[in-house]
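The values are calculated or read from the model by the stated rules, or taken from the named source; none is laboratory data. In this text, all values refer to a predicted model and were calculated from it rather than measured experimentally. FYI the Cβ positions are ideal-geometry reconstructions off the backbone, even for glycines, and counts take in every protein chain you see. To get the accessible areas, we keep the full protein, side chains included, count just its heavy atoms, and leave off ligands, DNA and RNA. Shrake-Rupley method; radii C 1.70, N 1.55, O 1.52, S 1.80 Å.
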Amino acid sequence: MLSLLLLVLAVAQAITFERVEIDANPPRDPWIKVVADLDGDRAPDIAIGGARGPLVWYRAPSWSKSVIAEGGYDSVDGEACDLDRDGDLDLVIGGVLWYENTGRPGAWPAHRIARHRTHDVEVGDLDRDGRIDVVVRGQSGFGAKEGHRILMYRQLAPGRWESRELRCPEGEGLKLADVDGDRDLDIVIAARWYENPAWTERVYSTAWTYGDATVDAGDVNGDGRLDIVLAPAEYKGGVYRIAWFEGPRKPASAAWTGHTIEPRIETVVHSLRLADLNGDRSPDLVAARMHQGAPPQEVSVYWNQGRGLSWSRQVLSTRGSHGLVVADLDGNGVPDVVGANHGGPYQPVELWRGLRRSGR
């Protein structure tokens with residue numbers, strides 16, 4: 001066991017990060033971050049949306065900037081997917097609308113799905129009919145009181161959508177994942193998941209009581225079952241924890257075991273991404289505190305040192321970030337981290353390039 005731990009530590013220590021500034025002057029208050037290959041050249045690009053516009057595209061590898069839309073959305077989140085099944089990636093932005101990738105510079109027609117404020121956006125084929133569906137949730141905090149429902153938009157045909165509402169506890173945060181291993185996508189929020197297709201509510205934790213949470217899911221401990229990770233997203237000045245919940249063999253009926261990653265952290269963690277950063281086949285965790293938190297506003301990697309039972313932390317920045325995205329942008333086999341503060345005086349779009357140290 002000790003030799004395995006030392007091996008994992010050696011691999012983790014072989015990863016360093018190089019900061020690259022993508023744009024010192026992005027759209028003001030860059031709320032939306034999406035990483036996707038928008039031009040089909042196999043190099044992931046970056047899309048950033050300001051709170052009131054515009055939505056812009058940074059084309060890899062030069063990061064040249066062009067405008068996708070001047071505005072019209074109302075969200076802090078977006079996703080890329082081939083919504084119209086024409087072979088390229090479109091952009092779905094809360095508010096709720098999608099921008100059609102035509103392959104022509106400056107030509108991104110907007111298509112309205114619904115018209116309401118949105119906090120979280122997820123996309124996926126919920127009914128396995130080959131069409132991408134859209135799932136969104138509002139936000140309960142800051143007077144909005146819109147996080148008590150999850151809205152599902154089922155795509156019937158291009159331009160035709162069928163909506164359904166699920167009631168849930170107040171809060172924020174949303175993830176689509178196959179929780180029960182039956183090959184369809186379920187809906188995950190803080191402490192609860194909703195089982196597809198009847199959307200039965202299942203409670204996976206009674207100990208987690210913080211509704212405003214960032215959510216991710218993956219196999220943290222390598223047992224072949226899906227686990228759930230949560231962090232407290234709002235507000236400044238509060239204290240809670242980062243934790244993961246171990247998926248049992250029967251996730252709809254059996255108890256989930258909770259494990260703490262960070263026992264005390266300010267409730268401003270609006271970034272949470274599971275990803276195997278060091279290639280040891282165990283997902284690590286990337287998290288960031290927002291700029292409004294007390295200093296240091298750390299952007300951190302939590303290295304999974306063995307089945308999610310031990311974690312070490314590496315700090316990438318102390319200047320905060322929001323809505324982090326993790327992807328291998330430069331094709332070197334090591335995932336990178338992209339983010340930007342959603343407000344405040346420091347708002348550059350930043351890339352932390354994952355690098356392997358020589359000799360490893």
Given the C-alpha centroids of the stretch 190-207 and the stretch 248-265, what is the distance between them in whole angstrom? 13 Å
Have a look at PRO232, PRO295, PRO54 and tell me which one the Gaussian network model of the chain (Cα, springs below 10 Å) gives the largest fluctuation. PRO295
Suppose a student asked you for the relative contact order of the stretch 156-214, using Cα pairs under 8 Å spaced at least 6 residues apart; what percent would you report? 29 percent
So ASP178 and SER64, fully extended at 0.36 nm per residue minus their Cα-Cα distance, gain in nm 37.4 nm
Top to bottom by accessible area (1.4 Å), largest first, where do SER271, SER282 land? SER282, SER271
Please work out how much accessible surface HIS342 shows to a 1.4 Å probe, ignoring ligands, DNA and RNA, in Å² rounded to 10. 40 Å²
Could you give each residue of the stretch 310-325 its phi-based ³J(HN,Hα) in whole Hz, using Karplus coefficients 6.51, -1.76, 1.60 with θ = phi - 60°, and x for Gly or Pro? 8, 9, 10, 10, 10, 8, 8, 7, 10, 10, x, 6, 8, x, 4, 10
With θ set to phi - 60° and the Karplus curve 6.51 cos²θ - 1.76 cosθ + 1.60, what are the ³J(HN,Hα) couplings of the stretch 284-292 in order, to the nearest whole Hz, using x for Gly and Pro? 8, 10, 10, 9, 8, 8, 6, 5, 7
Using label points projected 7 Å from each Cα along Cα→Cβ, tell me how many nm separate VAL203 and ALA114, to one decimal. 2.6 nm
Yeah, the stretch 73-122 with a ≥ b ≥ c from its alpha-carbon gyration tensor (a/c under 1.5 is rounded, else prolate when a/b outruns b/c, oblate otherwise) is prolate
Identify, among GLY173, SER300, GLY78, the residue whose Cα sits farthest towards the positive end of the charge dipole of the chain, taking +1 on the Cβ of Lys and Arg and -1 on the Cβ of Asp and Glu, with the dipole about the Cα centre. SER300
Can you give me the relative contact order of the stretch 34-85 as a percent, contacts being Cα pairs under 8 Å and 6 or more apart? 28 percent
Counting only residues 5 or more apart in sequence or on a different chain, those whose built amide H sits under 5 Å from that of LEU272 are LEU324
Counting only protein chains, not ligands or nucleic acids, how are GLU170, GLU298 ordered by accessible area (probe 1.4 Å), most first? GLU170, GLU298
Express the carbon and sulfur contribution to the solvent-accessible surface of the chain as a percent, rounded to the nearest whole number, probe 1.4 angstrom. 48 percent
Separation of alpha-carbon centers, the stretch 68-145 and the stretch 156-180, rounded to whole Å: 13 Å
Qualifying lysines (Cα of each under 26 Å from Cα of LYS236; at least 8 residues distant if same chain): LYS33, LYS145, LYS175
For the chain: relative contact order, % (alpha-carbon pairs under 8 angstrom, 6 or more apart): 14 percent
Between GLU162 and ALA294, how many nm apart are label points set 7 Å from Cα along the C-beta direction? 5.1 nm
Amide hydrogen neighbours beyond the local backbone of HIS148, cut-off 5 Å, H modeled: GLY171
Quick one: among GLY53, GLY218, GLY40, which has the greatest mean-square fluctuation in a GNM of the chain with alpha-carbon springs under 10 angstrom? GLY40
What residue among GLY78, GLY49, GLY143 shows peak mean-square fluctuation when the chain is described by a Gaussian network model with Cα springs under 10 Å? GLY143
Among [x] 5, 25, 35, 27, 7, 0; [y] 4, 16, 16, 13, 11, 10, 9, 8, 7, 4, 1, 0; [z] 5, 22, 32, 30, 11, 0, the entry derived from the coordinates for P(r) over Cα pairs in 10 Å bins from 0, in percent: [x]
Taking the convex hull of the alpha-carbon atoms of the stretch 274-336 and averaging its shadow over every direction gives an area in square nanometres of 4.6 nm²
For the stretch 234-303, just say rounded, prolate or oblate: build the C-alpha gyration tensor, square-root its eigenvalues into a ≥ b ≥ c, call rounded for a/c under 1.5, and beyond that prolate if a/b exceeds b/c, oblate if not. oblate
